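Heads up, the thing below is written out as structure tokens.
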Amino acid sequence: QVQLVESGGGLVQPGGTLRLSCVTSGIIFRLTPMGWYRQAPGKQRDLVASVTPDGTTNYADSMKERFAISRDNTKNTVYLQMNSLKPEDTAVYYCNTNPWTLDYWGQGTQVTVSS
């Protein structure tokens, strides 16, 4: 059974930082391209950042200067370091494969950026 469990979200002030984690099980993580996605209220779910099995990263244009995706293949975990957070970053953040797999969506972790 595949499980992707996100954590690390919360309420943070503008300019703050958060580090999200996604622990996976049931997939061959070391061979799987992974991504972080986010969905704000009333908007579609979009890819924020992705990382290949060998660590090559890619970002949506508005995130590449502030976010950093990484992975630890020994822990089957993918991370998203988020710096200089803005109110428009408020969303539920999810991890999944890249491209995403329908049955792998988890509950996500809520990130709220507000003063």
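For the reader, a short list of remarks on this structure follows.
- Some residue of the range 61-78 being open to solvent by less than 30 Å² (accessible area, probe 1.4 Å), closer than 16 Å to Gln3 by Cα and in contact (Cβ under 8 Å) with a residue 40 or more places away in the chain: yes
- Among the residues of the range 1-10, the ones that are buried (at least 16 other Cβ atoms within 10 Å of the Cβ) and in a loop (DSSP other than H, G, I, E, B) come to 2 in all.
The values are calculated or read from the model by the stated rules, or taken from the named source; none is laboratory data. Note that this is a predicted model, so its numbers are computed, not measured. Counting neighbours? That spans all protein chains shown, and the Cβs are built from the backbone with ideal geometry, glycine included. Only protein heavy atoms, including side chains, enter the accessible area calculation; ligands, DNA and RNA are left aside. Shrake-Rupley method; radii C 1.70, N 1.55, O 1.52, S 1.80 Å.
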